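Remarks on the structure that follows.
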Amino acid sequence: MRFRRWNQPSLGARLAAYAVLAFMHLPVLVIILYAFTTADRTYEFPPPGLTLHWFAAAFARADIWEAMRLSLSVAAVATLLAIVLGSLTALGMARGTFRGKESITVLLVLPIALPGIITGIALLAAIKSARIDPGFWTIVAGHATFCVVIVYNNVVARLRRMPHSWIEASMDLGADGWQTFRYIVLPQSASALLAGGMLAFALSFDEIIVTLFTAGHERTLPIWFFNELFRPRERPITNVVAVVVMIVTFIPILLAYRLTRRGSA
Amino acid sequence: MTAAAIEFRDVSRVYGEVRAVDRVSLTVQAGEFFAMLGPSGSGKTTCLRLIAGFETPDSGSMLLDGRDVTDEPPYARAVNTVFQDYALFPHMSVLENVAYGPRVRGQRKEAWRKRALEMLELVQLGAYAERRPAQLSGGQRQRVSLARALINQPPVLLLDEPLGALDLKLREEMQIELKNLQRRLGITFVFVTHDQGEALSMADRVAVFNHGRIEQLDTPRVLYTRPTTAFVARFVGSANVVTGELARRLSGRAEPFAVRAENIRLRAPAAAANGDTMSCLGDVADVQYHGALSRWQVRLESGEVFAAAVPDTGTNGDFRIGARVRLEWARGDAVPLAATEPS
Amino acid sequence: MTTLSTFLYRRPTLYVALLLIPPLLWFGTVYLGSLFTLLAQSIYSIDEFTAKIVYEPTLATYKQVVTQRANVDIILRTLSMAIAVTIACAAIALPIANYMVRYASPRTRALFYVGVMLPMWMSYLVKVYAWRLILAKQGILSWLLDTVGLGAALDAVLRIPGIGGPSLSSSYLGMFIVFVYMWLPFMILPLAAALEKVPESLLQASADLGARPAQTFRTVTLPLALPGLAAGSVFTFSLTLGDYIIPSVVGAPGYFIGMMVYQQQGTAGNIPLAAAFSVVPIVLIMIYLTLAKRAGAFDAL
């Protein structure tokens, strides 16, 4: 019997772990591959050939650009709102304890914690009751609501890590609350704010479920994409759009991750 | 009569059940080097923070230079602080840190750069002006925070255990430097420390804190030779505190008293008394060699352990561990203490 | 400015209140207001003839949800999928999380952590779409199975009622695979965090007392990792329960709760029914949360 150190993994364990890891990355690689396929039926495997044709075709489509523009503007405005509301909340909640503090945290998390279906239908019910026309601003309102907690989490974590003696030192030297915020708190929490904003942007851009309820006749890029899924024609273009969506959402998240890593290192 | 630099009038600060500062009154004179001494949690740091304005008293009032500042925020008070963790702003250069005070008060860039550079020269750190605090050693950071606090020329400087993070040699150097600095500047220093040696060697007067109250406020010499409570006797110079039955037997009175270790002599058990003395018998439990002095732990018959600090003259080699020995001290060296609960 | 600053400095409660009022106002009106509207809608009903909402409080809509055979089917179907997905995620997450924490070198572990988080950063919709392509009739998976000669086996599986369908990409089995894929990172990360908290010394003691690695795993590691499993299961359960996209895109004919909600508010205009239906996952998730809390999930989050 071969002696093995008691805590060495068996070959099976190691294989299993790496297999799961590979399984988790397979679909993304598939999508990237399929964006270049020459076949009309996009899911054909192996792909008969590779081409950039579909990229050009997607580029020329006005409806895709329309949807892209809408998604970007919604994400931009929603992120801005989320940054403002999230920072205010973080500043208020960073220190001290008061009754209801836990409830506020729960309230902030609720839009993300409850299934999107519920947030979506709730917003729709409210929109219909208030006799508002769903459109750009209803989409933004929905997105901003669940993006706030993302900015909040980032900023409040940074604020709580900041030694209170910095603020005291600043005031001790003659700076009032405003100046302390401008010269000390803001520069120190800028990276957290940025990271939170980028995560919020990515979340808003990619969001589909709540958007489906609040968009009315507008079409964001995810909605465009979702509609395409039930149409049999021109599938390869969908693959191109998929790659674009993936890149636009992945990059901010990656940057946010690097930012927060650097800040806490 | 000129107003005191700092005055506490019956100040209390309470956190829930805990009385961090319990009806404290004191005055600090202008130009004094004042130390606040005590163990952690005794209230000394809270008092310092009350002076600076980082905390507000729950009752009582505080005056700076005769003016009531109880409700004033830190930036309105003519007081500056050197923090225990130095609190240097990491996103600014050393120069920008030091220049922070003048800068937020609206001075022009050329003006505050010049002033800050002068201050840095004063603490011999002019060459480090453009570095970041993270690139400096502990001792250098301490001097930067000192320069930063002094640039506003405050009449009162607060120091919150500023030497705690430094190693022994550096700490002793800084103690001398700070004392000289204070003398040169002529401003009031309020110094918080838990190290009684530091307080004794640097301060003009020391307030000894315990459980939120000041047990004794005196010059170092009086604190050392005439402690008024058992706590002060033990905390400042670790005296032997004699209470209860033993006290009654030795001194004839019921009140507790304290005897400094260096006032106790070691005699042979049968030796006759030398003048008006108190003495008792015990067995040697331990000896620690400290160079000029040796510290002897002697266990008495009644169970208490006395510490005697005896110069190393060579004759004490007669007393081995476990040997019987007589402890003797002059009656006048027994300092009566207040009959309070032993702390 | 300084006077305002001093004014607020002396009144810390006012300062905090000023900061928190705008966001709380927003959440109160936009979010809580919507939720209450939803709840309110659920106690109304729809007139079957006019297809208009009758604004009279009634429990008829709820009754419809929990008694009508079709509706109960939908709820049970969604619930069983959620439970199946949770169990599968736990089973798959355990080996990889255990490997990450116990056996991997620090650098490999960091690689694994990033590797597990990376898919979470990818667009949700794109991932679902990718699986549709993979599972399609002439997609990668069938090609793979054909190549190794298991094509016939796949066909056999697809003919099983209840999990099969015309193709993988429109079957419960396919849905199941996609769900498991989607929520795996949500299970792996809390589990790995919980496993990290188990001190190495406990495992060494167990081995020292004579337990084989599998025994140690079963009797020491697993019970201590339960909070992490519970935490991860909260995600897998509630995410599956409320999902609408995956059942539609990789779907079998049977409805899931999410699809029902969407459909009822859309063409049918039956908002009360949609609202009542959406209360079901809330209730189920609440129940699950209480169970998970008892298993220590909240300490592991």
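Values in this text are rule-based calculations from the coordinates and carry no lab data. Keep in mind it's a predicted model, so treat the numbers as computed, not measured. Counting neighbours? That spans all protein chains shown, and the Cβs are built from the backbone with ideal geometry, glycine included.
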With a bin width of 10 angstrom, please list the P(r) values of the protein assembly as shown as percents of all Cα-Cα pairs, from the 0 bin to the one holding the largest distance.
2, 9, 15, 16, 15, 14, 12, 8, 5, 3, 1, 0, 0
Dividing the mean separation of Cα pairs under 8 Å (6+ apart) by the residue count of the range B:1-51 yields a relative contact order in percent of 32 percent
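Just counting partner chain Cβ atoms within 10 Å, what average do the residues of peptide C:89-97 show around their Cβ?
For this peptide, the per-residue mean of nearby foreign Cβ atoms is 3.
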Before rounding to the nearest 500, sum -39500 (n - 2.57) across all DSSP H runs of length at least 4 in chain A and divide by the residue total; then give [θ] at 222 nm in deg cm²/dmol.
-24500 deg cm²/dmol
How high is the relative contact order of chain B, in percent, counting Cα pairs under 8 Å that sit 6 or more residues apart?
16 percent
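Please give me the summed charge of the neighbours of C:Asn98: other residues whose Cβ is under 14 Å from its Cβ, Lys and Arg +1, Asp and Glu -1.
+3
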For B:144-154, what's the mean count of beta carbons from other chains sitting within 10 Å of each residue's beta carbon?
1
Once you have the Cα-Cα distance between C:Val283 and C:Leu14, take 0.36 nm times their residue separation minus that, and quote the gain in nm to one decimal.
93.1 nm
From phi via Karplus (6.51, -1.76, 1.60), per-residue ³J(HN,Hα) for the range C:228-245 in Hz, x at Gly/Pro:
x, 4, 4, 4, x, 5, 4, 5, 4, 5, 6, 5, 5, 4, x, 6, 10, 5
Report, as a whole number in µm² per second, the diffusion coefficient that Stokes-Einstein gives for the range B:232-288 at 20 °C and 1.002 mPa s using the Kirkwood radius over alpha carbon pairs.
166 µm²/s
Note, the range A:129-134: 3J(HN,Hα) by Karplus (6.51, -1.76, 1.60, θ = phi - 60°), whole Hz, Gly/Pro = x, goes 4, 7, 6, 8, 7, x
Which whole-Hz ³J(HN,Hα) couplings does the range C:208-218 yield from phi under the Karplus relation 6.51 cos²θ - 1.76 cosθ + 1.60, θ = phi - 60°, glycine and proline marked x?
4, 7, x, 7, 6, x, 5, 5, 4, 4, 5
Environment charge of B:Gln216, counting only residues whose C-beta is closer than 14 Å and scoring Lys/Arg +1, Asp/Glu -1
+4
Debye-sum result for the range C:198-268 in log10 I(q)/I(0), which assumes one identical scatterer on each alpha carbon, at q = 0.13, 0.26 Å⁻¹
-0.58, -1.07
Added length on full extension, which subtracts the Cα-Cα distance from 0.36 nm per residue, B:Ser251 to B:Ala273
6.4 nm
Diffusion coefficient, µm² s⁻¹, Stokes-Einstein with Kirkwood Rh over alpha-carbon pairs of the range B:1-128 at 25 °C and 0.890 mPa s
146 µm²/s
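Would you please put C:58-67, B:4-13 in order of how densely packed they are, using the mean number of other Cβ atoms within 10 angstrom per residue and starting with the highest? Let's see the in-between values first.
Working: C:58-67: 15.4, B:4-13: 20.1.
Going by the mean number of other Cβ atoms within 10 Å, highest first, we get B:4-13, C:58-67.
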Placed amide H near B:Arg213: partners under 5 Å, 5+ positions off or other chain
B:Asp22
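For the ranges C:163-173, B:32-42, A:149-159, what's the packing order if you count other beta-carbon atoms within 10 Å of each residue, average per peptide, and put the highest first?
A:149-159, B:32-42, C:163-173
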Please go through the residue pairs B:Lys114/B:Lys169; A:Lys101/C:Lys293; A:Lys128/C:Lys127; B:Lys44/B:Lys179 and name each one whose alpha carbons sit more than 25 Å apart in this structure.
B:Lys114/B:Lys169; A:Lys128/C:Lys127
Kirkwood Rh, Cα Rg: Rg to Rh for the range A:61-264?
1.05
Please list, ordered by chain and number, the residues whose modelled amide H lies under 5 Å from the amide H of B:Cys280; skip anything fewer than 5 residues away on the same chain.
B:Leu327
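Can you give me the relative contact order of the range A:61-264 as a percent, contacts being Cα pairs under 8 Å and 6 or more apart?
Relative contact order for the range A:61-264 comes out at 33 percent.
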Run the Debye formula on the Cα coordinates of the range B:240-336, all scatterers equal and no solvent, and tell me log10 I(q)/I(0) at q = 0.22, 0.23 1/Å.
-1.18, -1.28
Using R₀ = 30 Å, calculate the FRET efficiency as 1/(1 + (r/R₀)^6) where r is the Cβ-Cβ separation of A:Val109 and B:Tyr15; round to 0.05.
0.45
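Taking only the alpha-carbon atoms of chain C, what semi-axes of the equivalent ellipsoid follow from 5 times the gyration tensor eigenvalues under a square root, in whole Å, largest first?
38, 35, 19
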Overall dimensions of chain B as given by Cα atoms, namely Rg and Dmax in Å:
24.1, 80
Amide H contacts of B:Thr81 (H built 1.01 Å from N, under 5 Å, at least 5 apart or other chain):
B:Leu158
Going 7 Å from the Cα of A:Asn227 toward and past its Cβ, which residues in the range C:114-156 have a backbone nitrogen under 14 Å from where you end up?
none
Within the range A:174-212, find all residues whose amide N lies under 16 Å from a label point positioned 7 Å from the Cα of A:Ser73 along Cα-to-beta-carbon.
A:205
Please give the average number of partner chain Cβ atoms lying within 10 Å of the Cβ of each residue in C:32-45, rounded to a whole number.
5
What does the charge add up to near B:His194, with Lys and Arg as +1, Asp and Glu as -1, over the other residues with Cβ less than 10 Å from its Cβ?
-2
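Using the Kirkwood radius built from alpha carbon pairs, what does the Stokes-Einstein equation give as D for the range A:33-181 at 10 °C and 1.306 mPa s, in µm² per second?
Values: Rh = 19.7 Å.
So the translational diffusion coefficient is about 81 µm²/s.
How do the peptides C:43-56, A:177-190 rank, highest first, by the average count of neighbouring beta carbon atoms within 10 Å per residue?
Working: C:43-56: 13.0, A:177-190: 17.9.
Peptide ranking by packing, descending: A:177-190, C:43-56.
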